[in-house]
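The values are calculated or read from the model by the stated rules, or taken from the named source; none is laboratory data. In this text, all values refer to a predicted model and were calculated from it rather than measured experimentally. All Cβ positions, glycine included, derive from the backbone under ideal geometry; neighbour counts span all protein chains shown. Just the protein is used for accessible areas: all its heavy atoms, side chains included, with ligands, DNA and RNA removed. Shrake-Rupley method; radii C 1.70, N 1.55, O 1.52, S 1.80 Å.
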Amino acid sequence: MVGLLRYGCVPPDGHCLRHLGKVFIFAFDDATLTFSLLLQRPRGTRLFHQLGIIILTTASLAYFTMASDLGAAPVPVEFRDVGQTRQVFYARYIQWFITFPLVLLQLLLFSGLTIADIITTLYFAGVAVIMGLAGSVVQSTYKWGYYTIGVVSLIYVWYVLLWHAPRTTFPANGVLHSGYYLLAAYLTLILFTYPICWACSEGGNVIHPTSEMIWYGVLDILAGPVFIFIVLYNIYGVDYDIFDFASGKYTDTRRGATQPTGPATTEKGPRPTTEAPAQQT
């Protein structure tokens, strides 16, 4: 805080820091609850819970940092109070760079998108976050160029969520189809609000940093803990075999455990195979 005052930057007030602390406690408690739910799942059926733990743990660390009035830097403003600086929390962007793609991954796994389409969507989600960070630390009007690139990246994400993914073949004859539509519409609405908040805060310097913190905090709760528990509710009781995850098998950590060398078998007998024998060289 001393460094920020040195540059004429008004630090967040006590109400703002208390709000950030509440978000930290909320995210940490939800991470603990998700971990307890994970322990009740059989091994090999914990992917969505593990993604949720990563998202919530990352959010907890970020909000702990911001509630401690750390992870911020003073940036000269372009509009209103020119010559002053505004406190920009880069810790938030580090959080989003990790959590935003994982939130999308949780949802896109419901659909029949190929791995290439999923990776491309996650990439543009990361681009949107990086452009937001770049724009927030630029004083000149070039910041709106970064903002435009970030919004275009979000438009691609919205296109995938609302148009491309719903047109794919969902697993198990669409058992998760209705849940996907609900979550996609919910997440799209929240993502639509983030650029508006950015334009009013880091971009246009219209609202005070305290109002910015409260706005972003509410959005992060809706896009994090609330979204994750809606996902977990939708997959409750769903057989993980419908996802056809090639890496769904859990790791056997027993000492001396070896992989079977005979033909693959199931409870009903040997599994047929069409693989051609390897050629001798």
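Return the carbon/sulfur percentage of the accessible area of segment 189-238, one whole number, probe 1.4 Å, all protein chains in place.
So the carbon and sulfur contribution to the accessible surface is 79 percent.
Could you calculate, for segment 72-148, the ratio of the Cα radius of gyration to the Kirkwood radius, expressed as Rg to Rh?
Radius of gyration over Kirkwood radius for segment 72-148 works out to 1.13.
Looking only at segment 74-114, which residues have a backbone nitrogen under 19 Å from a spot 7 Å from the Cα of Ile130 in the C-beta direction?
Only 90-105 fall inside the zone, counting backbone N under 19 Å.
Among 23-36, 171-184, 99-112, how do they line up from the highest to the lowest mean number of other beta-carbon atoms within 10 Å?
99-112, 23-36, 171-184
Give me Rg/Rg_expected for segment 25-109, where Rg uses Cα atoms only and Rg_expected = 2.2 N^0.38 Å with N residues.
For segment 25-109, the normalised Cα radius of gyration comes out at 1.43.
Tell me, what is the per residue accessible area of segment 98-148 in Å², probe radius 1.4 Å?
Result: 42 Å² per residue.
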